[in-house]
Structure formats: C-alpha cells, structure tokens
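Read the structure below first, then the notes.
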Amino acid sequence: MVLAQLGGSISRALAQMSNATVIDEKVLGECLNEISRALLQSDVQFKMVRDMQTNIRKIVNLETLAAGTNKRRIIQQAVFTELCNMLDPGKPAFTPKKGKPSVVMFVGLQGSGKTTTCTKYAYYHQRKGFKPSLVCADTFRAGAFDQLKQNATKAKIPFYGSYMESDPVKIAVEGLERFRKDNSDLIIIDTSGRHKQEAALFEEMRQVAEATKPDLVIFVMDGSIGQAAFDQAQAFKQSASVGAVIITKLDGHAKGGGALSAVAATKSPVIFIGTGEHIDEFEIFDVKPFVSRLLGMGDLSGLMDKIQDVMPADQQPELLAKLAEGTFTLRLLYDQFQNLLKMGPIGQVFSMLPGFSSELMPKGHEKEGQAKIKRYMTIMDSMTAAELDSTNPKLMTESRIIRIARGSGRQIRDVMDMLEEYKRLAKMWSKMKGLKMPKNGKMSDLSQNLNIQQMTKALPPQVLKQMGGMGGLQALMKQMGGKDMSKMLGGMGLGGD
Ligand code: GDP
Ligand code: MG
C-alpha cells in the first residue's frame, strides 16, 4: 500500500468509527483492526503493528473513560501518539554545525539513492550557509566517480575522487585531508553499495568508517522495498553505527511502512525524505506534522475556522474570481500574506497545511518564517501597481529587479527569492483555473459547485497524495460535513508545493 493510501485508510477507519452512535468495544475493535490491516499492507512489520494495537488498548479503556468524555478524540489521539512513537526513536540525530568540521558518511545498498542523496544533502546545507564537500569513496561501481562529479559540479560543491585508486579507504582519507585543509565544515563521504547485503560490503563500510571516524552515518533506504526494510536496516545498523535514516523515492509507488520499520530497526530517526531525482526534491522529515497529515487532516477544520475568521467576507468573491481566471498576481499574494500574518502564531497555521514545503516556514523557525513573509511584503511595497497586477512573467526585467531591490533596501537576491516563491505558488494556484463560480460569488456557496474531480485537479499531486488520493479526499469531505471546502483550498494555496 502506498504511503498516501495508508493515511487515507487510517483516517477512513477513524471516520467510520466517528459515525457510529456509540463507541463500544466492538466499534473500537473494528477500527483498530482496520488500522492494523492498513499498516500491514504498508509493509510495517507485524510485530510493530501488534504492539501498537496493544498500546492503544492500554491507553483507551472504554469502561473507565468517564461518561461524556469524547472517546473519538481520545482514540484519535492515541493512534496519533502511537504512530509518532513508532517514528520517533526518542533521541535526535547528530546535526552538523556551521563552522565546526563534521564528517557524514552515507551507506546503503546499490541503487538506494546514496549518491543522489549525498548531493541533495550537501546542497541543502550549502543553502543554509554551510561549506560542504563531497568525497566519492565508491570504487566498486563503474562510473561512480563520474556520477558524483556531475552532480557536484551542477550544484557547485567541491568534490574529491579518483579514477585510478581502487582502495576506498585511501580515497576517503585523502578526501578528508583535502577538505579539512579547505575548511569545509561538512565533509560528506559517499560509499559503494552492493546489490544485496554482503559481507564484503559491510567489511568495506567498517574500514571506511574506522579510517574517517564520521560524526554521523546516514543509512539511505529505497522507500519502495517493502517488507525487506526491517531486515535490511537492521543489517546495516549492526555493521555501521547508523545514526540517521533517509528514505528515498517517496515520490513513486513507495510503501511508507518502510520508514517505520527502518526507524524501529536502527533506533535512529528519519531526518529527510527524497521525493524525486532532482536536487531539490528533498524534504526535512518532521514526525508530528507528517503523522497528522498522514492521519487525514484533523487539523484542517481548525485551519478553515481560522481562515474564515480572518479573511474579510468582502474579499472572498474577488479572490475566487481571480482564481477562476487562473490569475495569481503578486498583489493577490500580498493579500494572502497579509491574511496569514493576521492569523497569529503563523507556524501553527502552517503546520496545519498539508503538503507544506518546509522551506518557507521550517518547524522551530516560525519567527524567521514570519520575518521572511514581512520581508517579501516590504519588497512588494516597492513595486508599481503594474508590476503587482501583471500576469506577464517576462515583465520582471533585470532593471526592474534592481530598482525594486534598491527601493526596498534589500539585496537583488532577496527580490529574486521572493519572485521564485511567487512563481512556485502561482504555478500551484493556476490549477484552480476553470473553477465554476457561484452566482453571488460567496465562498460558502462554492462548496456546492466543487466536485471531487475539480478538487483533485486543483490540489498539487503531492498534497493529494498525502491526503490519501481521491479516497482520502472523499473521506475527508464527509468528515468535515458542512464545512466550507473552498476555504480550505484557499488556505492550502499558500502552503502547498
Ligand atoms: P546509489 O547506488 O545508492 O548511489 O544510488 P543513486 O544515487 O545512483 O540512485 C539510483 C537511482 O535512483 C538514480 O536513477 C536516481 O536518480 C534515483 N533516485 C534517487 N533518489 C530518488 C528519489 O527520491 N526519487 C526518485 N524518483 N528517484 C530517486
Ligand atoms: Mg552511488
């Protein structure tokens, strides 16, 4: 079962239970069985599923729950907590610090995505102000060095490797020395894989680790390997002191249960996930938002209430009309930012958004995210009306960008940054084009005109996936009953990617 469907199945099970008039032993049992089935189909290890059932039963004692308490909430909360616990080994992974030299070694089977992920990891940190470097200690696979070289060059990251040398330990040590001299604060060592778990590979891994003494060993696992995940992760854990996990290929038909199994087997947290072949298709992995998204967006109703509260009713028809035209101008973005800032602790709002890219508002950095939005708004304040209302992407010429930067007292790079963000959102919102408008233009009436097909078209695939596809969406709509779906879509526009 694909990760997204897992979320859909679990939320359906919970919704079904919520529909029951009385939640008794039988209803709870059915719900838990349904959830277990979904987890098993997602390749979560049998033992883990059984433990989860037991734990939930311990928390949820129907008889002792006082009359009138909200059983559904308690059960939902228990499922949430259990899933979080499964994904959270309790201790955070080593995180490199800027300016302090760290060595990070990547291990994993051949084809799991090590080389790709090394570059993504380096690029991610480079954008955060690190000075990363890449060492290719894979002498096993033909063309390994070329591949790393190509990736590194594209991302402008210094690299080291050799076409001649066949001893990976020697290359690793040489690379380390070189980049230590260059003051790199994040030296990343890519190692070779094998087609399966072989003694020779593990021995090589041990030797490279011994010679380089990495601060962190990251185990890279292909997200689509199914039930093999637990054993594979355990085998790597036993041979190298794995401290963190990265799951790749979660963009395809990956089975999400592997993530849970890998955490259990390595007792190490998942720190990032790979969602594509491209260098920036890489996301920070945060347990709680991940699970709440997986579980069918209980939070979304809260978000909609918030949006309903802060968005002036008279702005709603205008927004809708613009969306129906498929025009997402900078002015519209400005208005949305204003709305978002009004919503108070902005991180709270953002964490509710499904599919939210952690770029704009990384968890624990809500203040910075808020500052960024304000900065964007200052930049937009220096734009002309024509620029704000334009739908022509070619309008933003170099001279205009320079003028805007000067006018707002920001760097040219900041203006480019803001325009990039705008483009990303505009692309997403353009999918709303063709939405049928209610006659009086009121948001609350739009929901009647929205059908599932339209909604699936409007949502970015990533978001839709996380909601559990069509099925999940249907369950969600039912769950939300009379709630106004259009508000939700409006809100998500600023979060999706
Ligand atoms: P390695 O043998 O472990 O170094 O694996 P590579 O980095 O060479 O990756 C193997 C293949 O998987 C390549 O074709 C990559 O482009 C692809 N790949 C890696 N990560 C991802 C991902 O997150 N999503 C997708 N779709 N493909 C990926
Ligand atoms: Mg490789």
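Read the figures in this text as sums done on the coordinates, not as results from a lab. These numbers come from a predicted model, not from an experiment. With ideal geometry, Cβ positions are generated from the backbone for all residues, glycine too; neighbour counts draw on all protein chains shown.
Quick notes on this structure:
- Fewest-first ranking of I35, I402, using other Cβ atoms within 10 Å as the exposure measure: I402, I35
- Exposure proxy ranking, count of Cβ atoms within 10 Å, fewest first, for T117, T54, T248: T54, T117, T248
- Local electrostatic count at I279 - Lys and Arg +1, Asp and Glu -1, tallied over other residues with Cβ under 9 Å: -1
- Put simply, the amide H of V270, placed in the peptide plane, has neighbours under 5 Å in V245, leaving out anything fewer than 5 places away on its chain.
- Sorted fewest first by neighbouring Cβ atoms within 10 angstrom, H125, H278 come out as H278, H125.
- Ordering of 36-44, 234-242 by packing [mean C-beta count within 10 Å, highest first]: 36-44, 234-242
- Segment 102-294: proportion of alpha-carbon pairs further apart than 21 angstrom, %: 46
- Whole-number percent relative contact order across segment 102-294, with pairs defined as alpha carbons under 8 Å at least 6 apart: 25
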